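Peer 1: First the structure, then my questions, so here it is.
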Amino acid sequence: MNAGVADSNLKEFFLDQLQDIYWAEKKLVKTLPKLEDAATTQELRDAFSNHLEETRNHVARLEDVFGMIGEEVNATKCPAMAGIVDEGSDIIDETEEGSAQRDVGLIFAGQKAEHYEIATYGGLIQLAKTLGYNDAANLMYQTLTEEKKADELLTQIAERNVNYQASMEPHGV
Ligand SMILES: [Fe+2]
Ligand SMILES: [Fe+2]
């Protein structure tokens, strides 16, 4: 495969996006324990806790990717993920502890985060292939698979009981 020129705009863009998702993953390592503590149902707590372990691994994989492409490990603030995390904090502030409604909100915040990750890794994998970074593409594909599973699990938790339970809670509780 033609790996293109080493200093192309595409390579620069790839690196920018890598630094963005690296910041986002590290932010999620700090945020997931807060979501776990705030969640009402054990099932949702477990989902956040399990994804925290996976997310630590996502950070480590990205550090490997920086090495594979011969670049220093660097994070650049990701305003999108910062905003999603702020929305999650608002949900915690605006919902009652122990309510199913809180879990509905936390699942929304969690799924927004997962979809941002899914979009970014999907794009990064395509660019990595174009740039000839096939090992990096394979590594990020493992992460992408875990992001999709985490997203599906949140859908299942919502549909199995949390949404219904929230519908039975009176307004103001
Ligand atoms: Fe992740
Ligand atoms: Fe994730």
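Peer 1: With +1 on each Lys and Arg Cβ and -1 on each Asp and Glu Cβ, and nothing else charged, work out how big the dipole of the chain is about its Cα centre, in Debye to the nearest 20. Could the numbers behind the result be given before it?
Peer 2: Values: 15 positive and 32 negative charges, 72 e Å.
Here the chain has a charge dipole of around 340 debye.
Peer 1: To continue, here is another question. Using every Cα-Cα pair within the chain, state what percent have a distance larger than 29 Å. Let's see the in-between values first.
Peer 2: Numbers: 3923 of 14878 pairs.
Tail of the P(r) past 29 Å holds 26 percent of the pairs.
Peer 1: Another question, then. Any idea which of THR76, SER8, ASN57 is furthest toward the positive side of the dipole for the range 1-80, if Lys and Arg beta-carbons carry +1 and Asp and Glu beta-carbons -1?
Peer 2: After comparing all options, I get THR76.
Peer 1: Same structure again: Of the peptides 105-112, 53-60, how do they stack up when ordered by the mean number of other Cβ atoms within 10 Å, highest first? Display every interim value, and only then the final one.
Peer 2: Working: 105-112: 21.9, 53-60: 17.1.
Per-residue Cβ counts within 10 Å, averaged per peptide and sorted highest first, yield 105-112, 53-60.
Peer 1: Right, another one. If each DSSP helix of 4+ residues adds -39,500 (n - 2.57) and the sum is divided by the residues in the chain, what number results at 222 nm, nearest 500 deg cm²/dmol?
Peer 2: Numbers: 6 runs with 134 residues, N = 173.
So the calculated ellipticity at 222 nm is -27000 deg cm²/dmol.
Peer 1: Another question about this same structure. Arrange the peptides 150-160, 15-25 so that the one whose residues have, on average, the most other Cβ atoms within 10 Å appears first.
Peer 2: Working: 150-160: 16.6, 15-25: 20.5.
Most protected by this proxy first, the peptides run 15-25, 150-160.
Here, each number is a calculation from the coordinates, and none is a lab measurement. Keep in mind that what you see is a predicted model, and the values were worked out from it rather than measured. No Cβ is skipped: glycine too gets one built from the backbone with ideal geometry, and neighbour counts run over all protein chains shown.
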